[in-house]
Amino acid sequence: MGASMALLCGLTMANVLVRYFTDFSFAFTEEVSVTLLVVMTLVGASHAFKTRHHLATDYLVAGRPALKAAAYRFSMACSLLMFGLLAWY
């Protein structure tokens, strides 16, 4: 993830400098920047998912173990569905 961010910063800085000094822009840098941002988002989300550090709200299930287990299974199913759709597309 650090390599993606370093590449993104370097590419964006190079584009800014070239545009400033020559009034010419590297058109491909925006597409590469978007791709790198998507890569960083997916890597960060999958790491948070694996280490169970994703955002969670437990107001409705606090103190109710059966409801908490059901909510956990539901959120796991939704997460797996979304990751599956991402992999499919």
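The values are calculated or read from the model by the stated rules, or taken from the named source; none is laboratory data. No experiment lies behind these values; they were computed from the predicted model shown. Because the Cβ atoms are built from the backbone with ideal geometry, glycine has one as well, and the counts that use them run over all protein chains shown. We work out accessible area using only protein heavy atoms, side chains counted, and drop any ligands, DNA or RNA first. Shrake-Rupley method; radii C 1.70, N 1.55, O 1.52, S 1.80 Å.
With respect to SER25, is the statement that it is more than 11 Å from the chain's Cα centre (by Cα) and loosely packed, with under 13 Cβ neighbours inside 10 Å true? Judged against the criteria, SER25 is a match. Residues that are open to solvent by 70 Å² or more (accessible area, probe 1.4 Å) and under 14 Å from the mean Cα position of the chain (by Cα) were ranked within the range 1-22; the one that is farthest from HIS54 (Cα to Cα) is MET5. On the stretch given as the range 41-62, residues that are open to solvent by less than 80 Å² (accessible area, probe 1.4 Å), free of Cβ contacts under 8 Å to residues at least 40 places away in the same chain and not aromatic (Phe, Trp, Tyr) total 6.
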